[in-house]
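What follows is one structure encoded as structure tokens, with my remarks underneath.
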Amino acid sequence: MANIQIRKYQDEDSEAVKELFTSGMNEHLPSSFMHVMKQPLTQMLLMCTFCSLMASSKSFLLPVLAVTLLLAGVRQMIAYMFNKHIEASLKNDLNNIGETYLNREDSCFWVAESDGQVVGTVACLPAEDAPEFLELKRMSVCRSHRGMGIAKALCRTVADFTLDRGYPAVILYTSMVATDAQKLYEHMGYKKIRQFLLPEFFAKIINFTLIEYRLNLEEEK
């Protein structure tokens, strides 16, 4: 990790952090689209649309165009869902990192810096649904700086902070399509606790789930 420094967030990091978060989220759009295309409901809808139009119009072009439009609509819906999440995150904690993470007890936000550029982020705070644990949040590493051990160092930073504060475990939530993140967390000793559907209507339709992981620090001692 040459020339990489992990430090606490400063106000001048704000725009870089938001850009890193947004680009990281948008990376999951293609894999989310592929997940939707594998769902039986999606395949049935496309097949029924194609066959019904083929039978009624006796034209090959019309059903192809209709299926193409449906695919474009599905992708737009996924993009809309991601954009709503990004907007909500930017409006809430990422719009006031100091208040959310730095001015609260047992909370912190760190950035990884390389040659003056913010290339990674991570944060933690008491978990909303399980305040006896700290929750790892906002983990992101710039694509150009992956494979350098930055994510592992950020994970260790949160684990050390959690131990110092006397909490027994770190928990986190990641999406089912974030397979690289899942591999990282499992490599760092996190155990999968549960997998559950997002409450949004469209997320239920496409069977989009989150995974909860936990790192028991008492086992790590």
Exercise. If you take the beta carbon distance between M37 and L61 as r and set R0 to 30 Å, what does 1/(1 + (r/R0)^6) give as a FRET efficiency, to the nearest 0.05?
Worked result: 0.85
Seminar exercise, completed: Placing each pseudo-label 7 Å from Cα in the direction of the beta carbon, Y80 and A16 end up separated by a distance in nanometres of 3.6
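For the chain, with only Lys/Arg (+1) and Asp/Glu (-1) charged at the beta-carbon, what is the dipole magnitude about the Cα centre, in debye rounded to 20? Show your work: numbers first, answer last.
Details: 23 positive and 26 negative charges, 223 e Å.
It works out to roughly 1080 debye.
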For this session: Name the residues whose placed amide hydrogens come within less than 5 Å of the amide hydrogen of F133, ignoring near sequence neighbours (fewer than 5 apart) on the same chain.
Result: A127
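Hull surface divided by four, with the convex hull built on the Cα atoms of segment 86-139: how many nm²?
Numbers: hull surface 16.8 nm².
The orientation-averaged projected area of the Cα hull of segment 86-139 comes to 4.2 nm².
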Exercise. Between C48 and K192, how many nm apart are label points set 7 Å from Cα along the C-beta direction?
Worked result: 3.1
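Of K38/K192; K8/K204; K58/K204; K38/K84; K38/K152; K58/K84, which pairs sit farther than 30 Å apart, going by alpha carbon to alpha carbon?
Details: K38/K192 24 Å; K8/K204 37 Å; K58/K204 35 Å; K38/K84 23 Å; K38/K152 32 Å; K58/K84 40 Å.
Listed pairs above 30 Å: K8/K204; K58/K204; K38/K152; K58/K84.
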Exercise. Per-residue ellipticity at 222 nm for the chain, helices alone: DSSP H runs ≥ 4 residues times -39500 (n - 2.57), over residue total, nearest 500 deg cm²/dmol?
Worked result: -15000 deg cm²/dmol
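Would you mind getting me the FRET efficiency between N207 and N103? Use the beta-carbon distance for r and R0 = 41 Å, nearest 0.05. Walk me through the numbers before you get to the answer.
Working: r = 39 Å, r/R0 = 0.95.
Calculated value: 0.60.
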Seminar exercise, completed: Largest-first semi-axes in Å of the equivalent ellipsoid built from the Cα gyration tensor of segment 32-137 are 47, 16, 11
Exercise. Residues in segment 64-100 near a label at N26, defined as backbone nitrogen under 12 Å from the 7 Å Cα→Cβ point?
Worked result: 83
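Using DSSP to define loop residues, name the trypsin sites (Lys or Arg not before Pro) in segment 39-99 whose beta-carbon has at most 15 other beta-carbon atoms within 10 Å. List each step's numbers first, then the result.
Working: sites: K58, R75, K84, K91; in loops: K58.
Taking segment 39-99 and a limit of 15 other Cβ atoms within 10 Å, the loop trypsin sites (Lys or Arg not before Pro) found are K58.
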For this session: Give the long-range amide H neighbours of C142: residues separated by 5 or more places, or on another chain, with amide H under 5 Å away, using H modelled in the peptide plane at 1.01 Å from N.
Result: G120
Seminar exercise, completed: At q = 0.09, 0.14, 0.17 Å⁻¹, the log10 of I(q)/I(0) for the chain from a Debye sum over equal Cα scatterers comes to -0.44, -0.90, -1.23
Exercise. Over what distance in Å are the Cα centres of segment 1-77 and segment 109-169 separated?
Worked result: 28
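Any read-out appearing in this document is the output of simple, stated calculations on the displayed coordinates, not a laboratory observation. Worth saying up front: this structure is predicted, and the values here are computed from it rather than measured. When we count neighbours, we look across all protein chains shown, and the Cβ atoms used for this are built from the backbone with ideal geometry, even at glycine.
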